[in-house]
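The values are calculated or read from the model by the stated rules, or taken from the named source; none is laboratory data. Computed from a predicted model, the values in this text were never measured in an experiment. Virtual Cβ from ideal backbone geometry, glycine too; neighbours counted across all protein chains shown.
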Amino acid sequence: MLSIQKITVKTAHKEILHDISFDFLPGKIYAIMGVNGSGKSTFAKTIMGDPAFDVISGNITLHKKNITKLPPHERAHMGIFLAPQSPLAIPGVTVQQLLRTAISRDIVTSEVLLEKINKMACNLEIKKELLTRSLNEDFSGGERKKMEMLQAGILDPKYIFLDEIDTGVDIDALIKISAFIAQMKDTDSQKTFIIITHYNRILSQLPVDEVLVMQNGIITEHGNASLAEKIENEGYQK
Amino acid sequence: MSDHPRQNNIDPTFAQKHDFSMPEISVTKARRGINADIVRTISDYKNENKWMQGFRLKAYDIFTKKDLPSWGPDLSKINFDDIVYFLRATDKKSANWNDLPQEIKETYDRIGVPEHEKNWLAGVSAQYESEVIYESIHKELTEQGVIFCDMDSAVRTYPDIVKKYFGKLIPPTDNKFAALNSAVWSGGSFIYIPKNVHVKLPLQAYFRINAERFGQFERTLIIADEGSSVHYIEGCTAPAYSTQSLHAAVVEIFALKNARIRYTTIQNWSKNISNLVTKRARAEEGATMEWIDCNLGSGTTMKYPTVLLTGKNARGSVISMALANTEQTIDAGAKMMHLASHTTSHIISKSISLGGGISTYRGLITVAKKAHDVKSYTQCDAMLLDDLSRSNTYPTMDIQNNSAKVSHEASIECLDKEKLFYAMSRGLTETQARSMMVNGFIEEITKEIPLEYSVELYRLINLEMERFVR
């Protein structure tokens, strides 16, 4: 279980999340919705350990271990993954190199890793040439998002935060991404997905268990999949 | 972020790979300091002809009259009186590693030179302190007339070629360190490639300073005759001492009509060494001269590889990278002198500064009045890893002909915290993330150097990143 316990989070300038608590259970699919600036991305980045955000009170625990102060790479090793809203370009570094550095050679040989990458790229319909180009440099929105999914697939995490994975993505790519999530879930039913989105579009493709609504740095609503539909129809203001 | 636990992903033996010292050995050693007598003594040690001795003494006179450069890094800590200018470690120059004194053989074994030689080089020369102690070249090349030997032997064996080219591109009057080198030079490579001969595998020279408070002054002369080609690689290392040493080389290169020369340097001197090097090439009609220059070591480096494009359609390029860490000043750059029409030049410079290091790019592009349709492109990128470090860019252009197309692009980026977080969120330690991004930044350079060395460079950079994250 990934447990968020009364965390208050600020940047250098202001407090963004106020006393938030929530438990993410293994094997579930969550959606987090909310208007821009409601704190959704900050919430995900804080759980990943972004040093831009300070947890001034409260704790984050994973499998009962307190990870509030751990650096991002240790959280990654423990099974947390975040696909950011706008994946940054890393000039001169390919996705293969990034993943090769991320995963020890003791765990997987380069040949096996390369084979896995190629297979997943094929699965996601990622153009082969993108694998040997600088990561995300001059990639389209859809290409970036698919590349994030590929990395999630290879790194095989347990708690997967997808921040607006559906933004800037055409319908074909969206279907591919949703199918890829479903497939990851089929392979390992204990995987937990936390999908941050503005739209019902991706949620209708996936069996969402719970929907959270954030507003002004707190969780204001919590319900089942029908909550997403309600928001789609009525908006966030009740 | 600095309190993150560090993961040591560097082979522990690698850290010591270059930074080890052997007991100093010598069969002949000049007194500390410099004067005309010392210059004469060095010449006598080498049994030189009158011409060379005269050249040296004249150069010494110029050295005493020249001031240190008034621009660029502070050189005041160099004490010319506290340096040994000549040290012969052994009088057994050999073409067999096993014939060398144990200390020397072990040094090169540890650095890995004999292994490289076996696997992918056409010839190797190794200089230890003042003189070349090992040299060998593939027999086929000798049969084709290729000459690859130490400069001292060349003066004796090929006096006519040497006289024709020696000191012609870089006269002793050029600068104080060129004058000093001209006075006390010792060792270095002499290469002559006959017409239309293509040397397919690289020739490599390896320079090692082992002694303390010492000066190495090698002198290299490369002549590629018409239509020939060669790739020369030099590597330089030394153990770290707290005392100051000096490396002041002079390198003169002649690419004759339609010849092609690539000169690759991997400089990893220890931080107690001032590296003040003058390198210049002349590219005649249709010739190509490429400098690939990687500077990681030394306390202070001043080096501006130059190409004089003297014949039409000649091409010159300088592709360089510099990494300046704590207490390092790397002042490097390139000069392209377009003296003929339809000449082109291309400069890529990438610098990384961290831990308070200073890296500076100085460039000079000149286009002579009579040179039509010249093209020159400079790209100059700097990366700063923290706010203690500095990067400077001083491009200078002197364009006398309106038909020239000269462009200069510069960029500076700070290693982005968001990018670091992105890479770390994939499971990379902070050090791994930095190394990966720095290596990505210089990928354009590393892809130009042989794989064996780019792997080495990659490790060296990782090591610098390890030092940095404390």
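Tell me, which residue of segment A:202-224 that is in a loop (DSSP other than H, G, I, E, B) and under 19 Å from the mean Cα position of the chain (by Cα) is surrounded by the fewest Cβ atoms within 10 Å (Cβ to Cβ)?
Of everything passing the filter in segment A:202-224, A:207 is surrounded by the fewest Cβ atoms within 10 Å (Cβ to Cβ).
Take the residues in segment B:321-342 that are out of contact with any Lys or Arg (no Cβ under 7 Å at 6 or more places or on another chain) and either without any contact (Cβ under 8 Å) to a residue 24 or more places away in the chain or of a type outside the set (A, V, I, L, M) (or both); name whichever of them is farthest from residue B:467 (Cα to Cα).
This residue is B:338.
Within segment A:150-176, take every residue that is among the aliphatic types (A, V, I, L, M) and under 22 Å from residue A:46 (Cβ atoms) and give me the one that is surrounded by the fewest Cβ atoms within 10 Å (Cβ to Cβ).
A:155
Can you spot a residue in segment B:282-290 that is part of a strand (DSSP E or B) and in contact with an Asp or Glu (Cβ under 9 Å, 6 or more places away or on another chain)?
Yes, some residue in segment B:282-290 is part of a strand (DSSP E or B) and in contact with an Asp or Glu (Cβ under 9 Å, 6 or more places away or on another chain).
Is it the case that some residue within segment B:165-177 is aliphatic (A, V, I, L, M), farther than 17 Å from residue B:90 by Cβ and assigned to a loop (DSSP other than H, G, I, E, B)?
So far as segment B:165-177 goes, yes, one or more of its residues are aliphatic (A, V, I, L, M), farther than 17 Å from residue B:90 by Cβ and assigned to a loop (DSSP other than H, G, I, E, B).
Just one of B:195, B:200 is outside any strand (DSSP E or B), in contact with a Gly (Cβ under 7 Å, 6 or more places away or on another chain) and either at pLDDT 95 or above or more than 22 Å from residue B:276 (Cα to Cα) (or both); which is it?
Step by step, each of B:195, B:200 is checked, and only B:195 is outside any strand (DSSP E or B), in contact with a Gly (Cβ under 7 Å, 6 or more places away or on another chain) and either at pLDDT 95 or above or more than 22 Å from residue B:276 (Cα to Cα) (or both).
Does residue A:9 qualify as being more than 13 Å from residue B:421 (Cα to Cα), more than 12 Å from chain B (Cβ to nearest Cβ) and surrounded by 16 or more Cβ atoms within 10 Å (Cβ to Cβ)?
Yes.
Residue-wise test of (1) modelled with pLDDT of 95 or more; (2) more than 8 Å from chain A (Cβ to nearest Cβ); (3) in a strand (DSSP E or B).
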position	(1), (2), (3)
B:397	yes, yes, yes
B:401	yes, yes, no
B:406	yes, yes, yes
B:410	no, yes, yes
B:418	no, no, no
B:427	yes, no, no
B:431	no, yes, no
B:434	no, yes, no
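Looking only at segment B:75-95, which residues are in contact (Cβ under 8 Å) with a residue 24 or more places away in the chain and of a type outside the set (A, V, I, L, M, F, W, C)?
If the condition is that a residue be in contact (Cβ under 8 Å) with a residue 24 or more places away in the chain and of a type outside the set (A, V, I, L, M, F, W, C), then B:77, B:79, B:81, B:82, B:85, B:88, B:90, B:91, B:92, B:93, B:94 are the ones that fit.
If a residue has to be under 25 Å from residue B:120 (Cα atoms) and hydrophobic (A, V, I, L, M, F, W, C) to count, how many in segment B:419-463 make the cut?
Here the count works out to 8.
For segment A:12-41, name all the residues that are closer than 21 Å to residue A:228 by Cβ and within 14 Å of another protein chain (Cβ to nearest Cβ).
A:41
Scanning for something within 19 Å of residue A:94 (Cα to Cα) and of a type in the set (A, V, I, L, M), does segment B:385-407 turn up at least one residue?
no
Whether any residue in segment B:101-111 is over 19 Å from residue B:179 (Cα atoms), of a type outside the set (Asp, Glu), modelled with pLDDT of 90 or more and in a loop (DSSP other than H, G, I, E, B) is what I want to check.
Yes, the conditions are met somewhere in segment B:101-111.
Would you pick out the residues in segment A:86-102 that are of a type outside the set (Ser, Thr, Tyr) and either more than 10 Å from chain B (Cβ to nearest Cβ) or touching a Lys or Arg at 6+ places or on another chain (Cβ under 9 Å) (or both)?
A:87, A:88, A:89, A:90, A:95, A:96, A:98, A:99, A:102
How about segment A:103-127: which of its residues are modelled with pLDDT under 95 and among the small types (Gly, Ala, Ser)?
Those that are modelled with pLDDT under 95 and among the small types (Gly, Ala, Ser): A:104, A:110.
For residue A:28, all conditions in the list (1) basic (Lys, Arg); (2) in contact (Cβ under 8 Å) with a residue 24 or more places away in the chain; (3) within 20 Å of residue B:425 (Cβ to Cβ) hold save one; what is the number of the exception?
Evaluating residue A:28 over (1) basic (Lys, Arg); (2) in contact (Cβ under 8 Å) with a residue 24 or more places away in the chain; (3) within 20 Å of residue B:425 (Cβ to Cβ) leaves (3) as the failure.
Among the helices (runs of 4 or more DSSP H) lying completely within segment B:10-94, list those that include at least 1 residues that are modelled with pLDDT of 95 or more and crowded, with 16+ Cβ neighbours inside 10 Å.
In segment B:10-94, B:36-45, B:50-65 are the helices (runs of 4 or more DSSP H) which contain 1 or more residues that are modelled with pLDDT of 95 or more and crowded, with 16+ Cβ neighbours inside 10 Å.
I'm told residue B:462 meets every condition in (1) away from chain A (no Cβ under 14 Å); (2) within 30 Å of residue A:154 (Cβ to Cβ) except one. Can you identify the failing condition by its number?
The number of the failed condition is (1).
Tell me which residues, restricted to segment B:303-328, are farther than 15 Å from residue B:292 by Cβ and assigned to a loop (DSSP other than H, G, I, E, B).
B:310, B:311, B:312, B:313, B:314, B:325, B:326, B:327, B:328
Can you tell me which of B:67, B:74 is among the charged types (D, E, K, R) and within 21 Å of the chain's Cα centre (by Cα)?
That would be B:74, the only listed residue that is among the charged types (D, E, K, R) and within 21 Å of the chain's Cα centre (by Cα).
Would you check if residue A:141 is within 13 Å of another protein chain (Cβ to nearest Cβ) and without any contact (Cβ under 8 Å) to a residue 60 or more places away in the chain?
no
Being buried (at least 19 other Cβ atoms within 10 Å of the Cβ) and more than 18 Å from residue A:173 (Cβ to Cβ), is that true of even one residue in segment A:110-130?
yes
Report yes if some residue within segment B:128-139 is crowded, with 24+ Cβ neighbours inside 10 Å, part of a loop (DSSP other than H, G, I, E, B) and not assigned by TED's automatic domain parsing to the domain that holds residue B:450; otherwise report no.
Taking every residue of segment B:128-139 in turn, at least one turns out to be crowded, with 24+ Cβ neighbours inside 10 Å, part of a loop (DSSP other than H, G, I, E, B) and not assigned by TED's automatic domain parsing to the domain that holds residue B:450.
Between residues in segment B:207-220 that are closer than 15 Å to residue B:22 by Cα and residues that are among the aromatic types (Phe, Trp, Tyr), which pairs lie under 7 Å by C-beta distance while being six or more apart or on different chains?
As it stands, the answer is B:208/B:128; B:210/B:128; B:212/B:241, since those pairs meet every condition given.
Give the residue, chosen from A:83, A:52, A:76, that is at the interface with chain B (Cβ under 8 Å from one of its Cβ atoms), within 17 Å of residue A:149 (Cα to Cα) and small (Gly, Ala, Ser).
So the residue among A:83, A:52, A:76 that is at the interface with chain B (Cβ under 8 Å from one of its Cβ atoms), within 17 Å of residue A:149 (Cα to Cα) and small (Gly, Ala, Ser) is A:76.
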